[in-house]
Structures are given as structure tokens and as C-alpha cells.
Amino acid sequence: MERARRRVREAERHLGGGRRRVEETTYYRRHRVSRDAPVEWRGVSLRVQGDALAEVVYEKSEEGIAKISINRPEKRNAFTPRTIVELICCLEDAKEDGKVAAIIVTGVGTSAFCSGGDQLVREVGGYVGKDGVPRLNFLDLQVVLRRIPKPIVAMVAGHAVGGGHIIHMLCDLTISADNAIYGQTGPKVGSFDAGWGCSVMARLVGPKRAKEMWFLCKLYTAEEAYEMGLVNKVVPLDELEKETVYWCRQMLANSPLALSILKASMNAVDDGHAGVQQLGGFATKMFYSHEQGLEGLTAFKEKRKPDFEQFRK
């Protein structure tokens with residue numbers, strides 16, 4: 001934290017002898033958003049595979065924020081195959097809702113964001129749901145978190161360990177309460193994530209620290225996580241939702257298309273052909289709105305040859 005404070009002090013000195021703060025600039029005043037205005041959540045009812053939500057709470061605000069909470073506090077918000085299915089359905093709903101511009105992922109209660117997969121339902125071949133089929137649909141959730149073209153913010157209180165630690169890393173931003181605990185526990189219970197759970201972690205904290213986290217199964221405080229670049233900000237527990245909503249409000253004031261393309265661009269380098277495909281999809285969508293794309297479509301509908309020569313400059 002001290003290094004971060006020094007950077008802030010140095011920035012303030014460059015802005016006028018340490019007296020003129022960033023918050024006093026014209027740019028900041030013009031683009032200021034409310035930090036203190038209360039947020040009003042309304043519950044969203046979804047049916048998943050014919051049943052109501054049971055392991056996830058889904059809420060939205062009128063200003064365009066969706067909040068998705070794992071609702072198994074008695075299990076430290078450990079997930080089952082059903083939890084994952086409900087999370088994916090809520091995320092897909094938020095994706096398709098044109099009024100939603102930012103998504104919060106969190107856990108009910110203050111003792112755990114998510115403690116990973118519920119080991120009591122893990123059997124040979126994966127995690128077993130009510131249908132008796134072993135699954136590892138956690139990988140499907142990872143893909144959805146990466147591919148949804150809207151910013152996703154992890155709001156972390158308490159333990160974010162194992163699969164819960166991976167969920168927060170795959171979110172675009174993480175706001176952490178000061179009581180949060182981070183780390184991987186898989187090798188202690190005969191599990192690991194050799195995909196994004198390794199590659200994204202290594203990109204966030206560096207290969208040496210990532211190997212330390214996986215090989216030693218150490219747990220880290222919120223301040224330690226901030227120092228190594230795992231989280232964006234640490235705040236007191238009672239200010240966690242207020243700060244997370246404030247970050248979302250700042251993103252609501254920005255171009256949604258720009259944020260979507262930025263997310264896809266930053267993910268593309270790690271996501272291979274799939275990442276390039278998503279980024280290319282945004283380019284195609286933009287071209288459809290461009291005058292050259294419209295000329296091609298109009299010419300087809302009017303059964304004439306398109307005039308692209310007019311665009312050669």
C-alpha cells in the first residue's frame with residue numbers, strides 16, 4: 001500500500017506542488033458520478049431448467065447494474081453444478097438486457113465470496129447434481145465470464161479461494177473488502193485448474209508468484225492481494241457495495257461499445273482463436289453500421305451493383 005500512496009503523492013506534486021488534486025481538475029468535475037447516492041435493487045425472477053432460482057440471487061438497478069450473488073452462505077458459497085447453471089443463466093440474461101451496462105458478481109453474506117466447488121458433491125468424474133451425472137460445468141462459467149461483452153466486477157468479502165478465487169480473477173475488475181482472503185486450495189484436495197486458472201493468474205501476478213500460490217496453497221490477505229495486483233481496490237467491509245457500485249457508475253458513463261471492444265482486445269491475446277473471433281465480431285458489427293456496409297446491403301436490396309468507388313480517398 002505504501003508504494004501506491006507514494007505514487008499518488010507524486011502525481012499530486014506534478015499537478016501543482018501537491019496542492020491541486022486530480023479531483024479538482026475540470027475533467028474530473030465534468031465527468032463526476034455519484035458515490036453516495038443509494039442504489040435500489042429489485043429482484044429478478046428467472047426459471048432455470050423449469051425451476052426458480054435456488055442457489056443464486058439475481059437483482060438489477062434502474063440505472064443499469066445487475067448483481068448476481070451466490071446464495072449458499074451455509075456452505076461458504078461453495079458451488080454445485082446447479083449453482084453454475086443458475087450463474088450462467090443470470091449472466092446471459094444480463095448480457096441480453098440492453099439496459100444493463102455493468103454486472104456485479106458476489107456472494108451472500110460477509111464470510112465468503114465463494115469457496116470453490118462443494119467437495120461434498122464431488123465424486124468420480126466431477127461434481128454431481130440431482131440428476132446423478134458428474135460434471136465440470138465450472139469451465140462453461142469461465143467461458144461466459146470472459147465472453148460477455150460487458151464489464152463484470154467481482155465484489156469480494158471473506159474467502160475467495162479455490163474456484164472462487166478463479167471466478168474473481170476472470171471478472172474484469174475486483175473490489176475487495178478488507179476482510180477478504182485469497183488463494184488456491186486445489187492441490188490440497190486433489191484438484192487444480194490448468195487452464196485460465198493458471199494462465200490468467202500468471203499474467204496478473206507473474207509466473208513465480210502464480211506458482212507459489214498453486215504449489216504452496218498459501219492464503220493471502222486483501223492487502224497482500226492488492227500489492228501483487230490481484231485486486232483493484234481494498235475498502236472497509238461496510239463500504240464494499242458502495243464502492244463497487246461507484247466503480248460501476250463510472251463505467252456506465254462511458255461508451256458501452258468502447259468497453260466491449262477493450263475487454264475483447266485485452267482477452268484476445270490469452271484466448272487464442274476464440275478471442276480473435278470475438279474481437280473480429282465487434283469489427284463486423286461496427287462495419288454493419290458504417291456507410292460502406294450500408295451501401296453493400298442497400299445495393300443488394302435494390303438489386304443493383306454497389307458503388308464502393310465513392311469511398312476511395
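The values are calculated or read from the model by the stated rules, or taken from the named source; none is laboratory data. Only a predicted model underlies this, so the values are computations on that prediction, with no experimental measurement involved. Cβ: placed from backbone, ideal geometry, glycine included. Neighbour counts: every protein chain shown.
The numbered conditions (1) in contact with a Cys (Cβ under 6 Å, 6 or more places away or on another chain); (2) surrounded by fewer than 24 Cβ atoms within 10 Å (Cβ to Cβ) are all true for residue 107 except (2).
Within region 51-66, residues that are under 12 Å from residue 90 (Cβ atoms) and part of a strand (DSSP E or B) sit with their Cβ atoms under 6 Å from residues that are among the polar types (S, T, N, Q) and modelled with pLDDT of 95 or more, at 6+ positions apart or across chains, in these pairs: 56/71; 57/69; 57/71. From the list 114, 90, the lone residue that is at pLDDT 95 or above, closer than 27 Å to residue 235 by Cβ and either among the basic types (Lys, Arg) or in contact with a His (Cβ under 9 Å, 6 or more places away or on another chain) (or both) is 114. For region 207-222, the set of residues classified as under 20 Å from the mean Cα position of the chain (by Cα) and either more than 9 Å from residue 182 (Cβ to Cβ) or not assigned by TED's automatic domain parsing to the domain that holds residue 175 (or both) consists of 210 only.
Is region 241-253 home to any residue that is touching a helix residue (DSSP H, G or I) at 6+ places or on another chain (Cβ under 7 Å) and buried (at least 19 other Cβ atoms within 10 Å of the Cβ)? Checked against the condition, which is being touching a helix residue (DSSP H, G or I) at 6+ places or on another chain (Cβ under 7 Å) and buried (at least 19 other Cβ atoms within 10 Å of the Cβ), region 241-253 yields at least one hit. For region 268-313, filtering for residues that are part of a helix (DSSP H, G or I), over 41 Å from the mean Cα position of the chain (by Cα) and surrounded by 11 or more Cβ atoms within 10 Å (Cβ to Cβ) leaves 1. Within region 262-306, can you find the residues that are more than 30 Å from residue 143 (Cβ to Cβ) and of a type in the set (Phe, Trp, Tyr)? The answer is 300, and nothing else. Restricting 105, 39 to those that are closer than 30 Å to residue 246 by Cβ, among the hydrophobic types (A, V, I, L, M, F, W, C) and part of a loop (DSSP other than H, G, I, E, B) reduces the list to 39. With respect to (1) modelled with pLDDT under 90; (2) surrounded by 13 or more Cβ atoms within 10 Å (Cβ to Cβ), the lone exception for residue 257 is condition (1).
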